[in-house]
Structure formats: C-alpha cells, structure tokens
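Engineer: Here it is, the structure in full.
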Amino acid sequence: MIWETLYSAKRLGSSGNTPLGIGRGAYIRDYDRVIFSSPFRKLQNKTQVFPLPGHFFVHNRLTHSLEVASVGRTLGKLAGEKLAEKHTFSEEAEEFYRFELSDVIQTACLAHDIGNPPFGHFGEEAIRGFFADFFSKWGTFDLSPVQVKDFTQFEGNANAFRILTSLFIASGLKLTYTTLASIVKYPVDSLNGFQKGDLALKKSGFMDSEKAYFEEVAGSLNIPQKGKGYARHPFVYLVEAADDICYRIIDLEDAYKLKVVSFEEVATLLRPLLKGSSFEEYFDKQWGKIEDEEQKLSLFRALLINYLTQECVKAFIDHEKEILEGNLNKSLIDLLDSSLQEPLKALNKFSVDRIYNHPSVIEKELSGHHVLYGLLEDFCEALVTQNSERSKKILRLLPVKLSHSVYADLQKIVDYISQMTDDFAVDLYKKVH
C-alpha cells in the first residue's frame with residue numbers, strides 16, 4: 001500500500017464525487033452525516049460498562065464515542081503532519097494528510113460502536129447463542145456456511161459496516177470510501193475470521209450481504225488481499241488506538257464515581273503510567289494544588305490521554321513499513337515502550353477483576369442476555385411458523401417488509417433488535433410477554 005492511494009472522496013452509492021457544501025470538505029461531511037444519524041443518536045441509551053443510573057453521570061456508548069472521536073482527531077492530526085513532513089507528497093496528498101486525515105479518523109471513531117447491540121458485548125453473545133440454538137433446532141434452511149456464521153458469530157464491527165452501507169445508503173448516509181475503510185478493524189468475512197494469532201482476522205468486519213461493498217472500497221483504495229481476507233487499512237490503527245486509550249482510563253473513572261473502586265486504587269494504577277514522561281514534573285506540581293478528588297482524576301485523564309496519544313503516533317510512524325505491507329500484527333498501544341506495558345497490564349487486570357466483573361455489571365449483562373434472547377426467539381420463531389395469529393402480529397412489529405429470502409428476513413429481525421436501545425428492548429420484551 002502507498003499513502004497517496006489510500007484515500008478517496010468518492011462515496012459509496014454515488015456515481016461520482018457529490019457537490020461540496022459551502023465551507024465543508026468531503027470528510028467533515030461524513031462526520032456531520034454520522035452525528036445526525038438515527039443509529040448514532042440511539043447510542044445515548046446503550047450501556048458502555050455500568051448500568052445507566054439516573055443520578056450519576058457515567059459514560060454511555062454515545063459519550064464514549066464522542067470522547068474517542070476527540071482523541072482520534074488529535075491522533076489523525078499528529079500522524080498526518082508527521083507523514084507530510086517525512087514524505088514528498090503531491091500537493092493534493094499533502095493537503096489531505098495535513099488537514100483532512102484528522103476528519104477521517106474523528107468520523108471513524110464516532111461510528112466505531114454504531115453496530116453494537118443493546119447491553120454491549122454481552123448482547124453480541126446473546127445473539128450468537130440464540131442463533132446457535134435456532135439453527136440446531138430448525139436447520140440452516142438455504143443459507144450458505146458464511147451466512148450462517150453471520151448470525152452464530154454475530155459481530156458488532158460487521159454490523160456497523162452494514163448499518164453504514166446497506167441500511168442507510170437510501171437515506172443519504174453515503175460515506176466516503178476512506179471513512180468506511182477506516183472503520184473496518186477486521187477486513188474478513190465471518191467464515192474466515194475469528195482466527196487466533198492474526199489481529200486482522202481476530203473477528204469479522206463485514207457480512208456476506210455487504211462483502212461486495214467492502215470489495216468495492218478495497219479495490220478503490222488499493223487495499224491488497226491477505227490470505228482469505230484483506231490487509232488492514234493503515235488508518236484503522238489510529239481509530240483502534242483512540243478507543244484503546246479512552247476506555248482504559250474512562251472505565252476506571254466511572255468505577256470511581258460509582259464507588260466501585262477507591263480514589264487511592266485509581267491513583268496507584270495510573271501514577272506509574274506517567275513515570276519518566278515529559279508530563280511527570282508538571283503532574284507533580286499540579287497534584288499538590290488540587291484538593292478535590294474528581295479534579296485530581298481529571299488531571300490524570302488529561303495528561304495520560306495526551307501522553308498516550310503522542311506515544312501511539314510515534315509507534316505509528318516507527319512501524320510505517322509494516323503497516324503499509326499489511327504485516328503489523330499488534331495494536332499501537334501494544335507497541336508502546338516497555339516502561340508503559342507493565343502499568344497497562346496491571347490496569348487491564350484490575351479492570352477485569354474489579355470493574356467488568358462487578359455485580360452490577362454482571363446483573364445488567366444477564367438481564368440483557370435474557371431480554372435479547374427472548375426477543376430473537378419471539379421474532380425468529382414467528383418467521384418460521386407464521387401460521388398463528390400471534391406470529392403474524394409479532395412480525396407486524398418489524399419496521400420493514402419481509403421478503404422470500406430466509407437470510408434477508410433473519411437479517412431484518414437482527415437489524416431491528418440490534419439497533420434498539422437498552423430501555424426499548426426491555427420495554428418491548430415486557431409488552432410481548
């Protein structure tokens with residue numbers, strides 16, 4: 001891959017470049033289209049980690065996505081400037097990397113969780129588990145092996161690509177090839193994905209129904225095939241880094257606000273990350289001036305995000321050759337200096353032990369699993385049996401008409417349920433039961 005062919009303002013679903021709005025470039029228009037879209041708005045009532053308490057301000061999927069987009073914008077700006085300084089680009093390419101890459105990364109970050117079902121990753125597990133049972137009971141109909149895997153290995157990343165392509169092209173989303181490529185962390189279908197040891201094949205990035213769309217994007221941007229999938233587009237590493245930086249720090253901050261962990265525990269985990277950095281002296285000076293614990297955590301957050309962002313950009317530039325060859329098999333945060341790796345490992349272990357397995361989180365996940373499994377059972381059983389009055393009424397709740405394709409109709413059911421908010425899913429479950 002070469003930098004000058006890795007971007008294009010052409011839009012999926014458009015015959016050519018669409019006219020630009022006054023004062024808006026192609027990639028900032030992508031940002032505007034995502035932020036005004038219905039799937040993005042629904043993220044405000046989708047859980048990030050903790051249940052959404054009315055009297056505490058913790059992160060939901062929407063606030064998380066906005067913060068990741070902010071960090072992503074900075075990553076794109078710094079990385080683009082470094083690339084422009086390092087290479088002799090054409091005038092157009094220099095313009096893109098200096099001034100527009102930041103818009104691309106910001107938008108991709110904004111949309112990175114748009115395919116997540118209600119109740120987060122446990123919602124994904126509920127969908128996978130249901131369809132394993134469903135196909136075991138009813139058989140696989142006329143579905144191909146990859147189409148079966150689209151359900152039994154349902155993946156929020158692949159669902160995001162579906163939402164941003166198939167489901168919302170008609171309504172005008174039509175994002176640029178560049179933004180779409182930057183969202184696909186795992187450029188492989190569900191049959192060939194979920195391979196251990198290869199970062200690009202760890203999960204799946206598109207469903208069989210959207211494979212042609214991804215191939216169109218990959219062909220336009222000269223993304224090479226790699227085994228049974230494709231190489232990762234280089235911009236994906238920056239989007240991934242923004243998410244990695246944010247959730248590590250923000251989840252801990254939310255846990256403190258909910259009194260799941262103490263201030264002393266948070267400080268003990270975060271302080272070693274600044275050791276030896278250019279921010280350490282400033283941190284030590286400011287720390288003694290602040291009495292409020294939340295303000296102290298805000299200082300931690302600001303400096304750590306700044307520091308980790310700079311270090312991830314350095315890793316991106318240092319590993320440019322491997323990235324362009326499609327051979328970089330680690331995330332940028334896993335490439336950071338060894339002095340950061342031990343504190344990051346300690347933070348990850350603590351988060352798993354004390355945050356992600358906290359009773360309030362587990363209770364929400366279990367109830368969410370029950371709700372989603374139940375709704376899928378209602379709709380999918382109705383699709384198969386269709387002869388009872390209840391089945392007919394259940395199917396009338398779908399916002400789209402069914403077809404004569406089992407694959408397409410099952411997708412329509414999953415589209416409907418996966419785009420629900422947490423509260424809507426619970427409310428509908430109660431009504432139909």
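Engineer: Considering each of LEU347, LEU299 in turn, give the residue that is out of contact with any strand residue (DSSP E or B) (no Cβ under 7 Å at 6 or more places or on another chain), among the hydrophobic types (A, V, I, L, M, F, W, C) and either farther than 28 Å from ARG232 by Cβ or surrounded by fewer than 14 Cβ atoms within 10 Å (Cβ to Cβ) (or both). Write out each step before concluding.
Structural biologist: On the way: LEU347 fails: either farther than 28 Å from ARG232 by Cβ or surrounded by fewer than 14 Cβ atoms within 10 Å (Cβ to Cβ) (or both).
Selected residue: LEU299, the only one of LEU347, LEU299 that is out of contact with any strand residue (DSSP E or B) (no Cβ under 7 Å at 6 or more places or on another chain), among the hydrophobic types (A, V, I, L, M, F, W, C) and either farther than 28 Å from ARG232 by Cβ or surrounded by fewer than 14 Cβ atoms within 10 Å (Cβ to Cβ) (or both).
Engineer: Okay, moving on. Considering (1) part of a loop (DSSP other than H, G, I, E, B); (2) touching a Leu at 6+ places or on another chain (Cβ under 9 Å); (3) hydroxyl-bearing (Ser, Thr, Tyr), say which one TYR237 fails and leave the rest.
Structural biologist: Going through the list (1) part of a loop (DSSP other than H, G, I, E, B); (2) touching a Leu at 6+ places or on another chain (Cβ under 9 Å); (3) hydroxyl-bearing (Ser, Thr, Tyr), TYR237 breaks only (1).
Engineer: Given the options ILE223, ILE183, name the one that is at pLDDT 95 or above and either among the polar types (S, T, N, Q) or within 24 Å of PRO117 (Cβ to Cβ) (or both). Write out each step before concluding.
Structural biologist: Values: ILE223 fails: either among the polar types (S, T, N, Q) or within 24 Å of PRO117 (Cβ to Cβ) (or both).
Of ILE223, ILE183, the one residue that is at pLDDT 95 or above and either among the polar types (S, T, N, Q) or within 24 Å of PRO117 (Cβ to Cβ) (or both) is ILE183.
Engineer: Given the criterion assigned by TED's automatic domain parsing to the domain that holds GLN106, in a loop (DSSP other than H, G, I, E, B) and at negative phi, identify the matching residue among PHE151, PHE206, PHE131.
Structural biologist: Working: PHE151 fails: in a loop (DSSP other than H, G, I, E, B); PHE131 fails: in a loop (DSSP other than H, G, I, E, B).
The unique qualifying residue is PHE206.
Engineer: Restricting to segment 107-121, name every residue that is surrounded by fewer than 24 Cβ atoms within 10 Å (Cβ to Cβ) and over 8 Å from the mean Cα position of the chain (by Cα).
Structural biologist: GLY120, HIS121
Engineer: With ALA218, ALA212, ALA255, ALA242 as the choices, which residue is in contact with a Cys (Cβ under 8 Å, 6 or more places away or on another chain), part of a helix (DSSP H, G or I) and small (Gly, Ala, Ser)? Walk me through how you get there before you give the answer.
Structural biologist: Values: ALA218 fails: in contact with a Cys (Cβ under 8 Å, 6 or more places away or on another chain); ALA212 fails: in contact with a Cys (Cβ under 8 Å, 6 or more places away or on another chain); ALA255 fails: in contact with a Cys (Cβ under 8 Å, 6 or more places away or on another chain).
After applying the criteria, what remains is ALA242.
Engineer: Which of the following residues is basic (Lys, Arg) and under 25 Å from SER38 (Cβ atoms): LYS196, LYS174? Step through it out loud before you land on a result.
Structural biologist: Details: LYS196 fails: under 25 Å from SER38 (Cβ atoms).
Exactly one of LYS196, LYS174 is basic (Lys, Arg) and under 25 Å from SER38 (Cβ atoms), namely LYS174.
Engineer: Let me ask you something else. Among the residues of segment 177-184, is there at least one that is surrounded by 16 or more Cβ atoms within 10 Å (Cβ to Cβ), of a type in the set (Val, Ile, Thr), touching a helix residue (DSSP H, G or I) at 6+ places or on another chain (Cβ under 7 Å) and under 21 Å from ASN329 (Cβ atoms)? Even if it seems obvious, please write down each step before you answer.
Structural biologist: Filtering segment 177-184 down to residues surrounded by 16 or more Cβ atoms within 10 Å (Cβ to Cβ) leaves 177-184.
Subsequent filtering for residues that are of a type in the set (Val, Ile, Thr) retains 178-179, 183-184.
Subset that is touching a helix residue (DSSP H, G or I) at 6+ places or on another chain (Cβ under 7 Å): 178-179, 183-184.
Then keep just the ones that are under 21 Å from ASN329 (Cβ atoms); that gives 183-184.
Scanning segment 177-184, I find at least one residue that is surrounded by 16 or more Cβ atoms within 10 Å (Cβ to Cβ), of a type in the set (Val, Ile, Thr), touching a helix residue (DSSP H, G or I) at 6+ places or on another chain (Cβ under 7 Å) and under 21 Å from ASN329 (Cβ atoms), so the answer is yes.
Engineer: Based on what the data block shows, is CYS312 assigned to a helix (DSSP H, G or I), under 19 Å from the mean Cα position of the chain (by Cα) and at pLDDT below 95? Talk me through it step by step, then tell me what you get.
Structural biologist: Values: assigned to a helix (DSSP H, G or I): yes; under 19 Å from the mean Cα position of the chain (by Cα): yes; at pLDDT below 95: no.
Against the criterion (assigned to a helix (DSSP H, G or I), under 19 Å from the mean Cα position of the chain (by Cα) and at pLDDT below 95), CYS312 does not qualify.
Engineer: Among the candidates ALA69, ALA84, single out the residue that is crowded, with 21+ Cβ neighbours inside 10 Å, modelled with pLDDT of 95 or more and closer than 30 Å to GLY219 by Cα. Break it down into steps so the answer makes sense when it comes.
Structural biologist: Details: ALA84 fails: crowded, with 21+ Cβ neighbours inside 10 Å.
Sole residue among the options that is crowded, with 21+ Cβ neighbours inside 10 Å, modelled with pLDDT of 95 or more and closer than 30 Å to GLY219 by Cα: ALA69.
The values are calculated or read from the model by the stated rules, or taken from the named source; none is laboratory data. All values derive from a computational prediction rather than experimental measurement. Please note: Cβ atoms are built from the backbone with ideal geometry, for glycine as well, and neighbour counts cover all protein chains shown.
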